[in-house]
Amino acid sequence: MTVNSKVSGGRYVALQVVKWILFALLLAVCFLVQTAGSTVKPLLLIPAALCIAAHTGEIPAMAVGVISGLLLDLACGKLLGYNAIWLVVCCVTVSLLHSYLLQEKLVNMILLCAVCTAVQGYLDYVFYYAIWGYEDVSLVYRHVMLPSGIMTMVALLPIYLLVRSIARRCASRRTHELEKTIVRDP
């Protein structure tokens, strides 16, 4: 092993540590924004978790899903683990889709985030409101869940751009060279 390979290996580890610290800070900021105030807010942890999962492997995506889901449960006052289970499924699916099937494009992330947000909102609506037979539960859907879902989709763009920037800046030179080679080959 040469001196240059040791330096580049150490630099790669340092970049990975910086990347995960920035991802953790992003999740913390999303959690803080979600818990501040009492108005209808976007579920920022969903697009943040999905964007991070798109740039990681399956195991880290699972960990991000668990952490984000537990934070989402705390922020929304739900049963602890309720959203964590759903976000683990979503994050691992997004990671696998981006690894083997989808390209890194905003439209792909919009579709995946829309599906995950819609299913999460539907599950919330059914298990927390509709199943109990309350009167006028459609008002909760129209005035809370639907606006929150729309705001979540709008918040996806800056989160996507931020996560993509972090992932690209913290990738090793070797990763960039491999990506360029893969893109050039037909």
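Scanning the stretch 77-125 for residues that are crowded, with 18+ Cβ neighbours inside 10 Å and not hydrophobic (A, V, I, L, M, F, W, C) yields a count of 10.
Within the stretch 70-87, if we keep just the residues that are in contact (Cβ under 8 Å) with a residue 24 or more places away in the chain and out of contact with any Asp or Glu (no Cβ under 9 Å at 6 or more places or on another chain), the residue that is farthest from TYR125 (Cα to Cα) turns out to be LEU71.
In the set TYR134, TYR122, TYR141, only one residue is not in a helix (DSSP H, G or I) and not basic (Lys, Arg); that residue is TYR134.
Among the numbered conditions (1) of a type in the set (A, V, I, L, M); (2) under 14 Å from the mean Cα position of the chain (by Cα); (3) at pLDDT below 95, the only one that ILE131 does not meet is (2).
The values are calculated or read from the model by the stated rules, or taken from the named source; none is laboratory data. Keep in mind the model is a prediction, meaning the values are calculated, not measured. With ideal geometry, Cβ positions are generated from the backbone for all residues, glycine too; neighbour counts draw on all protein chains shown.
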